[in-house]
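See below for the structure under consideration.
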């Protein structure tokens, strides 16, 4: 498990216990209560199960699409992680209900979306090249940052000279767009929310240094 944060404004020479946070005695009591009252089999409420099954069908179809494969690699266990996190959220209510609600799932999904959004960036900046996609991620970033704005032809020509294929470039662009690090236009059309890979697409660096 990689724990990553790009920057922090925290500066403490030793651990600090904040007044509004639970102290050790409170944490011990909370964990003991969970062990006594919240262990066992959990079930989804009817509306939670209905939402989850609809979400799963849409997510799996999207994930299986070949064009999204590389840029979505971090999401392959999103469903499992969402269920585990929803279980923890249910436990943290400290009630006698052994159910996972639709709200638990929605909150878990929101947390994971924010987490997965920066996964590739974190891996690359930590020096972890998990596959070909991650290995070329930084090269595409460096070129777009250097140019400020570039088009598909200029970008693919430059990447091709480094032995990087068009599909990898497209996948990296999709990840950068998801992270909000680039903006995409197609000729005179407004900013787009996806990579269309048209000949007239223009990519601009959007993240401040």
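The values are calculated or read from the model by the stated rules, or taken from the named source; none is laboratory data. Since we're looking at a predicted model, the values are computed, not measured. Every residue, glycine among them, receives a Cβ derived from its backbone with ideal geometry; neighbour counts consider all protein chains shown.
Quick rundown of the values:
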quantity	calculated
Which numbered condition residue 110 misses (of (1) within 24 Å of residue 179 (Cβ to Cβ); (2) exposed (fewer than 13 other Cβ atoms within 10 Å of the Cβ); (3) modelled with pLDDT under 85)	(3)
Residue ID - surrounded by the most Cβ atoms within 10 Å (Cβ to Cβ), chosen from residues in the stretch 181-191 that are without any contact (Cβ under 8 Å) to a residue 60 or more places away in the chain and under 21 Å from the mean Cα position of the chain (by Cα)	182
Subset tally (residues that are in a loop (DSSP other than H, G, I, E, B) and either touching a residue at least 60 places away in the same chain (Cβ under 8 Å) or touching a helix residue (DSSP H, G or I) at 6+ places or on another chain (Cβ under 7 Å) (or both)) for the stretch 23-67	3
Qualifying residue in the stretch 30-43 (condition: modelled with pLDDT of 85 or more, within 27 Å of the chain's Cα centre (by Cα), under 18 Å from residue 100 (Cα atoms) and in the same structural domain as residue 82 (by TED's automatic domain parsing))	yes
Lone qualifier among 157, 139, 194 - being free of Cβ contacts under 8 Å to residues at least 60 places away in the same chain and outside any helix (DSSP H, G or I)	194
All positions within the stretch 142-154 that are free of Cβ contacts under 8 Å to residues at least 12 places away in the same chain and either within 9 Å of residue 172 (Cα to Cα) or within 25 Å of the chain's Cα centre (by Cα) (or both)	142
Residues being closer than 29 Å to residue 176 by Cα and either modelled with pLDDT under 90 or over 16 Å from the mean Cα position of the chain (by Cα) (or both) - total across the stretch 85-103	1
